[in-house]
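Below you'll find the structure, written out as C-alpha cells, and then a few comments.
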Amino acid sequence: MIKEIGKKDIPECVQVIRNSFITVANEFGFSADNAPRFTAFAISADRLNYQLEIERRIMIAYCLDSGKIVGYYSLLWQDDHQCELNNLCVLPEYRHEGIGAALLHDAFDRAKKEGCKKINIGIVEENQVLRKWYENQGFLHIGTKKFDFFPFTCGYMEKGL
C-alpha cells in the first residue's frame, strides 16, 4: 500500500532511507568521513521534519500489509511547474519486487495532479545501474556536476510529465 506519511512516521522513514542508501555508500566506498552529506549519513528526523513542515514536501511510503514501511520518496515543488524527486528508496531485502517502480509512478501521478510538468532528480553519476533504471522509466540525463564535498559526481535527470 502506498500512503502519504505524517510526522509520526518520520523515525521509521529515516531508518528506511538510511538502510537503503547505505548499500550505495558501501558499493562505492562512501563513508561518514569522506561523504558526510551523502543521504545515508546526513538524513535525520530533524531534516525530514523540516522538509515536511517548512518545505511542505509531500512524503510517501510503501507499506506492507503489516504496516511496516519498506519504501519512501518525497517531492519538492519548484518554480515553472517543476518538482524534484528526493530519496526514492526501497529496503534492500524488498528490492526487485516492483516497489521502486510503483513509488516512481505514484510520484508521477501526484506531481501531475499538482500541475507539475517536469520532474527532476539527482543521482550518483557513477551508479550506472541506477541511471539505466531511471532512463528505462523515461528520464533523460541532462548533465553532471562535481562538488568538493562529495567523492562522486552528481548526475542530473529529468522527465516531462
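List of remarks:
- The helix-only estimate of mean residue ellipticity at 222 nm for the chain, built from DSSP H runs of length n ≥ 4 each weighted as -39500 (n - 2.57), is -10500 deg cm²/dmol after division by the residue total.
- Among L140, L103, L88: highest mean-square fluctuation, GNM of the chain, C-alpha pairs under 10 Å: L140
- Rounded Å value of the spacing that divides the Cα centres of region 32-47 and region 64-101: 18 Å
- Whole-number percent relative contact order across region 2-121, with pairs defined as alpha carbons under 8 Å at least 6 apart: 25 percent
- P(r) tail for the chain: Cα pairs beyond 29 Å make up 12% of the total.
- Cut-off 20 Å, label 7 Å out along Cα→Cβ of I54, residues of region 72-105 by amide N: 74-79, 84-87
- E114/K145 FRET efficiency (R0 25 Å; Cβ-Cβ; nearest 0.05): 0.40
- The eigenvalues of the Cα gyration tensor, multiplied by 5 and square-rooted, give region 31-87 an equivalent ellipsoid with semi-axes of 20, 20, 11 Å from largest to smallest.
- Counted by neighbouring Cβ atoms within 10 Å, the residues V129, V24, V16 run from fewest to most as V129, V24, V16.
- Vicinal HN-Hα couplings computed from phi for region 99-111 (Karplus, 6.51 cos²θ - 1.76 cosθ + 1.60; Hz; Gly/Pro x): 5, x, 5, 4, 5, 4, 5, 5, 4, 4, 4, 5, 5
- In the distance distribution for region 76-155, Cα-Cα pairs more than 15 Å apart total 62 percent.
Readers should treat all values here as calculations from the given coordinates under stated rules, not as data from a laboratory. Nothing here was measured: the structure is a model prediction, and the numbers come from that model. As a convention, Cβ positions derive from the backbone with ideal geometry for all residues, glycine included, and neighbour counts pool all protein chains shown.
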